[in-house]
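Have a look at the structure below, then the notes.
The values are calculated or read from the model by the stated rules, or taken from the named source; none is laboratory data. Just so you know, these numbers come straight off a predicted model, no measurement behind them. Glycine gets a Cβ as well: all are built from the backbone with ideal geometry, and neighbour counts include every protein chain shown.
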């Protein structure tokens with residue numbers, strides 16, 4: 001058990017000593033968390049985006065691994081609620097649309113009705129939830145990095 005705590009302590013010690021600015025590290029983590037929450041995105045997308053935005057790729061990898069696809073399921077109710085509110089639909093209606101269209105097959109999957117009444121509210125809800133959580137992670141990591149840099 002002590003070995004596990006030592007590994008965790010070493011991980012955080014190494015994380016806070018990444019040779020980059022607090023903005024780039026916090027931005028990398030936030031980007032990873034953002035793509036980790038969105039359904040269907042992965043490590044490759046995160047690394048490409050981190051490279052293009054000049055964020056720390058190691059921090060982005062840590063961010064996406066800390067918010068893998070299981071957090072997508074945890075944020076689903078919040079995304080349904082927000083998307084439903086923005087598009088004037090109740091979460092019950094969105095769930096009903098999902099279950100009604102679930103067994104229709106692929107030819108209905110990309111239909112206008114399914115896209116505008118089901119997929120679009122969910123996509124917008126997930127985008128808002130992902131951005132909000134990523135911003136929170138950015139702020140927390142940025143403040144911690146600034147605090148630890150002052151302490152050294």
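Laid out as a table, the results:
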{"item": "Number of the exception - residue 48 against (1) part of a helix (DSSP H, G or I); (2) crowded, with 20+ Cβ neighbours inside 10 Å; (3) over 12 Å from the mean Cα position of the chain (by Cα)", "result": "(2)"}
{"item": "Conditions (1) part of a loop (DSSP other than H, G, I, E, B); (2) surrounded by fewer than 19 Cβ atoms within 10 Å (Cβ to Cβ); (3) at pLDDT 75 or above; number of the one not met by residue 19", "result": "(3)"}
{"item": "Single unsatisfied condition, residue 53 versus (1) within 16 Å of residue 131 (Cβ to Cβ); (2) under 14 Å from the mean Cα position of the chain (by Cα)", "result": "(2)"}
{"item": "Where residue 41 falls short, out of the listed (1) surrounded by 13 or more Cβ atoms within 10 Å (Cβ to Cβ); (2) at pLDDT below 80; (3) more than 21 Å from residue 25 (Cα to Cα)", "result": "(3)"}
{"item": "Helices (runs of 4 or more DSSP H) (entirely within region 54-152) containing at least 1 residues that are modelled with pLDDT of 70 or more", "result": "57-66, 69-86, 91-101, 120-151"}
